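**Q** Mind looking over this structure? Questions follow.
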Amino acid sequence: MKQYIIKQYYGDYGEGKNGAADISTSGSSKQEWPLWEVFIRSKQGLDHKHVGSLHAADAQMAIENARDVYTRRNEGISIWVVESKHIHASNPDEADALYDPANDKAYRHPTFYDLPDELTHI
Amino acid sequence: MEKNLEQLFQEKINKEIRIEPKDWMPEKYRQTLIRQISQHAHSEIVGMLPEGNWITRAPNLRRKAILLAKVQDEAGHGLYLYSAAETLGISRDEMYEQLHSGKAKYSSIFNYPTLSWADMGAIGWLVDGAAIMNQVPLCRTSYGPYARAMVRVCKEESFHQRQGFEILLTLSRGNEAQRRMAQDAINRWWWPSIMMFGPKDDESPNTIQSMKWKIKRFTNDELRQKFVDICAEQIKILNLTIPDPDLKWNEERGHYDFGAINWDEFWQVIAGNGPCNKQRLDARKKAWDDGKWVREAACAYAAKRAARKEVKVA
């Protein structure tokens, strides 16, 4: 197995990604800019939505790069960037245990209740 | 009997459930995707070079602004795809190293030179047209991050093809020299473009497994035929010709027949012996090496600012 295959822990990426705080000034050419996740609000009134990721040395540069990479066609009016290493994700192997308990609780949905048709505005 | 992970994985694929980065996947699936997505990303990045050549020589400001926007899109497409590949556990720098060392390939179309302005038209119409034909089915590819990247790419790509056709259309309605220039560009780009779909199905060893995993949705030959059928009609609007004497409508098949592809040339260019292989790679390596101080300076600046902030907090 090639060594560049690493196990995934955080978000969609490995935990091996460096954060800006870890950057040394020694200028090693092996130093990769940290990875950032980009969230865009497409218009007022809507949530920021994850659109992808990019590399940048710091948050300001990440926002500037996100502008160029993800909003070339008026896709957004507001950008959030979060360093990928700060994203913690649930484990897909535990999906059953996490989401199963909701399955047998049909009474949480309004359609569960059988009421007369004459009943209106409810 | 207990199903093994590989069977469960294939069942998900068969049910059209997308695979996401943290899901279990066969190692071969991961590696096939890393190879395909990074190769695709490299193609976008190297693909800027033949066109970048013409930005300063565009015939007017309108064409120049359009070409700049197109080349910028290609940089963006490369970035979307590198990010998708990174979710599979390979680093950005590792991919660059593979490109620079020649270990990773990129689309061999970009190893052909751009000799005249009409080439910008032919590239948009034919090269981007062939790319779109390949990319549209990839919007439904089984790996989630790749599919999402392709949706964005495809949305942006259609202007690329249309601006290319418009360049050729304008030339085709021009004077005799302009018509000749357009025809010459089509003559040179036609065959390399239909080679872009890759080797024939019976010589494409990865196709069967990639179809089973729904990484690929159509075979190389299916897509190539579709592309030829469309171009054979579109060329009529240009009132120019496709440089293939064997191209003709086959009523029985419901498709255009076309002539034999020079596969020897295809393999030669892939092997590094195309007209511009060395020039393209040298340009990429130079850009990477010349950018080193910028990457380092940005890191140093970020570290300095972070340190200053810490002092303030303390």
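A short reminder: the numbers here are calculations on the coordinates, not readings from a lab. This one's a predicted model, so the numbers in the text were calculated from it and none came from an experiment. For neighbour counting, all protein chains shown are included, and Cβ atoms are generated from backbone atoms with ideal geometry for every residue, glycine included.
**Q** What is the Cα convex hull volume of chain B when expressed per residue in Å³?
**A** On the way: hull volume 55.7 nm³, N = 314.
So the per-residue Cα hull volume is 177 Å³.
**Q** Please average, across the residues of B:22-32, the number of beta carbons from any other chain that are within 10 Å of each residue's own beta carbon, and give a whole number. Spell out each step's value before the answer.
**A** Numbers: counts 12, 4, 2, 0, 0, 3, 0, 0, 1, 3, 0.
Shielding by partners across B:22-32 averages 2.
**Q** Taking chain B as a Gaussian network, Cα atoms linked when under 10 Å apart, which of B:A185, B:A287, B:A122 shows the biggest mean-square fluctuation?
**A** Of B:A185, B:A287, B:A122, the most mobile in the Gaussian network model is B:A287.
**Q** Arranged by the count of other C-beta atoms within 10 angstrom, fewest first, what order do B:H255, A:H121, A:H86 take?
**A** A:H121, A:H86, B:H255
**Q** A:A95: net charge of surrounding residues, Cβ under 13 Å, Lys/Arg +1, Asp/Glu -1, itself excluded? Intermediate results must be reported in sequence, preceding the final value.
**A** Details: positive: B:K12, B:K22; negative: A:D93, A:E94, A:D96, A:D100, B:E20, B:D23.
It works out to a net charge of -4.
**Q** I would also like to ask the following. Using bins 10 angstrom wide from zero, how does P(r) for the protein assembly as shown break down, in % of all Cα pairs?
**A** 4, 18, 27, 24, 15, 8, 3, 1, 0
**Q** Can you tell which of B:L168, B:L223, B:L61 shows the greatest fluctuation in a Gaussian network model of chain B with Cα springs below 10 Å?
**A** Among B:L168, B:L223, B:L61, the largest mean-square fluctuation in the Gaussian network model of chain B belongs to B:L61.
**Q** Reachable lysines from B:K309, Cα under 23 Å, same-chain residues fewer than 8 places away excluded?
**A** By straight Cα distance, B:K309 reaches A:K17, A:K85.
**Q** While we're on this one: Could you work out which residue, out of B:Q268, B:Q163, B:Q183, moves most in a Gaussian network model of chain B, that is, has the largest mean-square fluctuation with Cα springs under 10 Å?
**A** Comparing B:Q268, B:Q163, B:Q183 in the GNM, the peak value goes to B:Q268.
**Q** Based only on Cα atoms, what Rg/Rh ratio does the stretch A:33-88 have, Rh being taken as Kirkwood's radius? Write out the running numbers ahead of the final one.
**A** On the way: Rg = 10.6 Å, Rh = 11.1 Å.
Ratio value, two decimals: 0.96.
**Q** Can you sort B:D282, A:D117, B:D264 from fewest to most other Cβ atoms within 10 Å of each residue's own Cβ? Could the numbers behind the result be given before it?
**A** Numbers: B:D282 12, A:D117 5, B:D264 8.
Fewest to most other Cβ atoms nearby, the residues stand as A:D117, B:D264, B:D282.
**Q** Please report, to one decimal in angstroms, the Kirkwood hydrodynamic radius of the stretch B:1-147 built from all distinct Cα-Cα pairs. Write down the numbers at each step before the final one.
**A** Numbers: mean 1/r = 0.0586 Å⁻¹.
Kirkwood hydrodynamic radius for the stretch B:1-147: 17.1 Å.
**Q** Another question, then. Residues of A:49-57, mean number of Cβ from any other protein chain within 10 Å of their own Cβ, rounded to a whole number?
**A** Numbers: counts 0, 1, 3, 8, 8, 5, 8, 2, 11.
Mean partner shielding for this stretch: 5.
**Q** Turning to a different aspect of this structure: Once you have the Cα-Cα distance between B:K212 and B:L115, take 0.36 nm times their residue separation minus that, and quote the gain in nm to one decimal. Mind showing how you got there, number by number?
**A** Working: separation 97, 0.36 × 97 = 34.92 nm, distance 4.12 nm.
Length gained, B:K212 through B:L115: 30.8 nm.
**Q** Taking B:K212 as the anchor, which lysines have their alpha carbon closer than 29 Å to its alpha carbon, excluding any fewer than eight residues away along the same chain?
**A** Result set, ordered by chain and number: A:K2, A:K7, B:K3, B:K12, B:K15, B:K22, B:K28, B:K103, B:K105, B:K155, B:K200, B:K226.
**Q** Quickly estimate the mean residue ellipticity at 222 nm for chain B, helices only: each DSSP H run with n ≥ 4 gives -39500 (n - 2.57), and the total goes over all residues, rounded to 500. Show your work: numbers first, answer last.
**A** On the way: 14 runs with 202 residues, N = 314.
Only helices count here, giving -21000 deg cm²/dmol.
**Q** Using Cβ counts within 10 Å as a stand-in for footprinting exposure, how do B:E51, B:E16 rank, fewest first?
**A** Starting with the residue having the fewest Cβ neighbours, the order is B:E16, B:E51.
**Q** Something else: What percent does the relative contact order of the stretch B:52-200 come to when contacts are Cα pairs within less than 8 Å and at least six residues apart?
**A** Values: 123 pairs, mean separation 41.2, N = 149.
After rounding, I find 28 percent.
**Q** Could you work out the mean count of beta carbons from other protein chains within 10 Å of each residue's beta carbon in B:90-98?
**A** 4
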